[in-house]
Amino acid sequence: MQKFILILFSFFLSITTIVAQTITVSAPNVVELGEIFQISYTLNEQSNGQQMSLTKVDALEQLGAPSSGIKSHMVVSNGQVGSVVHYTETYRFRALKTGKFKTPIASATVNGKTISSKAQNIEVSDFPKFTGSTPKSQSQNRQQSQPKTLQQLMLQQMQQMQEIDKQGQQQMRQQQQRSNRVASGEDFFTRVEVSKTKSFIGEPIHVALKLYTQYNYSDNGRVVPTFDGFYKKVLYEPAYNERIYSTQETINGRKFKVYTFQKLMIFPQKSGDLVITPFEIDANVEVSDYLIVRKIAQSPQVIIKVHDFPAGKTANFTGAVGDFQVQAKADVQQIAADEAFTFRFTVSGQGNLSLLQKPKIDFPQTFEVYDPKVIDNFGTTTQGDKGNKIFEYVIIPSQAGNFEIPAIEFQYFNSQTKTFKTLKTNVIPIEVTKSTGKKSQAVNFATSKSQLAYKGDDILFIKTGDLQLKKTEKSSNFFPRTYTILAILLSIGTLVFIILKRKQIEFNSDESRVKNKKADAETKKRLKQARLCLEAGKETEFYDELAKALWGYVSDKFTIPLSALTIDTVREFLTQQNIENSLIQDLIDVLNHCNFARYAPSGAAANRELLERSVALILAFQKKLGNRK
């Protein structure tokens, strides 16, 4: 047992000779001026409980006391196993000067023997400037300017901070200037662009609603202008959530992104100064990545000076403004009585084709003429409607003979020359032969023209030949008194019939009373036709029938010619008749909806609601007018 302890003691005694005692240094090769860094000194033997001592280097300032630590591990050398203890002290330094220096030398006493570390090279470089330059340019800056002291470094840092602050203030000033330009309407504004500010009644004017901006934005809402006193036709209007692509325009040398929200064609309906209200957009404008400005951009109102027509207007003028040509044509030259043929009156050219009314044509009295079917074959440009408009009549002659459809005079106003021009079609001869016995039926057209026409089968001829007349026996049941009573009753009946017939003739001779009487029936018929079109999915025909029902009702009830009816004349006349403003506005809203919906259909549900609204409107008028009787 004593022998084993002796061997073990000899083994541990030999450990101290396995590893020689040294101090190693761990330090960075390059540091920056003013930088705080660490140098570690490691001794592979625990000291005598005293700190290592360091030599002083003027370029390096020691900061505080060192931190220390111990760790150990097993080693094997020449077949012998031993334990090594590592003792480390870590010092913090600040670099005070630029240049190349030696690290401080550390010394420690172990077992009465002094051990020292070796000096290591360290380089202190200049402080880099925050200029966004490349590493190469940074190196050049160090070579050109090399502060030698910490005070110079602090001064340089202060200058750099001042420069950064100056740049930040400049960016803030730029953002504020942009914000001010947005707020003042220089960089973000709306416009109502019109093709002309002076026009005549009925002359087409092109309108565009635009936004001009230098920045991106998000839309919070829009308010489109009102066009009181105008008939308007929407040419382009994207859905609210539809993406609008911008174009580019240059204004005063500055390029703007331009967004177009609506394009319209408007037609003045009366003379005077007509006002188009402002176009407004509420938006969040992205002035920069860090600044969003809310802006409500509102365009100035636009005033259109509308002139009345000069002298020269005749009864043949129905409001046509532009430059036109006309043509009249029948599809037959010869036809049998009671058979139908088609007559077309065509107006072609450029102007307000949308507003043209049917012409005044004096057809022969023996022609049964149905209201025309209107065919629009035109498109709309910035100068107005361009193409042609056809009025197609179905006609049934009732008597044989040679007839003529007289020349049609069409007057229009040329706004370029500021003069009226009258066009005249050719006379169209129609030869009507004897009836074949089959009468044509006109289907899907309006009520026939009210007229009295002779027809060949209206009079029965006197029968000739042997009539085989027989004398009847006098009945003994009748007495002279009976004959007297019958004669008196017959006389009274004849007198009553004559009186009623005269009253009927007088009533029929009063056109306003006739129209007033038939107004309700005609309106019901058109509303029924509109309902059929709605159920069949024919939206365009539905709007046409509904509009005709309302226009026709107003025309017949108040004895106003259809050619004289406009939104403004309806409003003015109904106001004079002491009709409530709410009822008048409902009528105008429905009429406008019918006009607009031709170009932007509303869908089946909305159309059904529009029809029900129209029926309720007619009933309200009937109740109002009925109370006055």
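Some observations on this one:
- Members of the stretch 321-335 found to be part of a strand (DSSP E or B) and among the charged types (D, E, K, R), listed by number: 323, 329
- Failed item in (1) in contact (Cβ under 8 Å) with a residue 60 or more places away in the chain; (2) open to solvent by less than 20 Å² (accessible area, probe 1.4 Å); (3) under 26 Å from residue 561 (Cα atoms), with residue 368 passing the rest: (2)
- Pairs, first more than 17 Å from residue 256 (Cα to Cα) in the stretch 203-223, second of a type in the set (Lys, Arg), C-beta under 6 Å, six or more apart: 205/196
This table checks each residue for (1) at pLDDT below 85; (2) part of a loop (DSSP other than H, G, I, E, B); (3) among the hydrophobic types (A, V, I, L, M, F, W, C).
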site: 34; (1), (2), (3): yes, yes, no
site: 38; (1), (2), (3): no, no, no
site: 41; (1), (2), (3): no, no, no
site: 57; (1), (2), (3): no, yes, yes
site: 70; (1), (2), (3): yes, no, yes
site: 73; (1), (2), (3): yes, no, no
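- Of the residues making up the stretch 224-246, just one is assigned to a strand (DSSP E or B) and open to solvent by 70 Å² or more (accessible area, probe 1.4 Å), namely 236.
- Residues that are open to solvent by 30 Å² or more (accessible area, probe 1.4 Å) and farther than 12 Å from residue 539 by Cβ, drawn from the stretch 601-624: 605, 609, 612, 613, 615, 616, 619, 620, 622, 623, 624
- Verdict on residue 249 being assigned to a strand (DSSP E or B) and either acidic (Asp, Glu) or in contact with a Pro (Cβ under 7 Å, 6 or more places away or on another chain) (or both): yes
- Looking only at the stretch 203-223, and only at residues there that are outside any strand (DSSP E or B) and either of a type in the set (Lys, Arg) or at pLDDT 90 or above (or both), the one that is farthest from residue 191 (Cα to Cα): 203
The values are calculated or read from the model by the stated rules, or taken from the named source; none is laboratory data. Keep in mind the model is a prediction, meaning the values are calculated, not measured. Positions of Cβ are backbone-derived with ideal geometry, glycine not excepted, and every protein chain shown enters the neighbour counts. These accessible areas exclude ligands, DNA and RNA; they are computed on the full protein's heavy atoms, side chains included. Shrake-Rupley method; radii C 1.70, N 1.55, O 1.52, S 1.80 Å.
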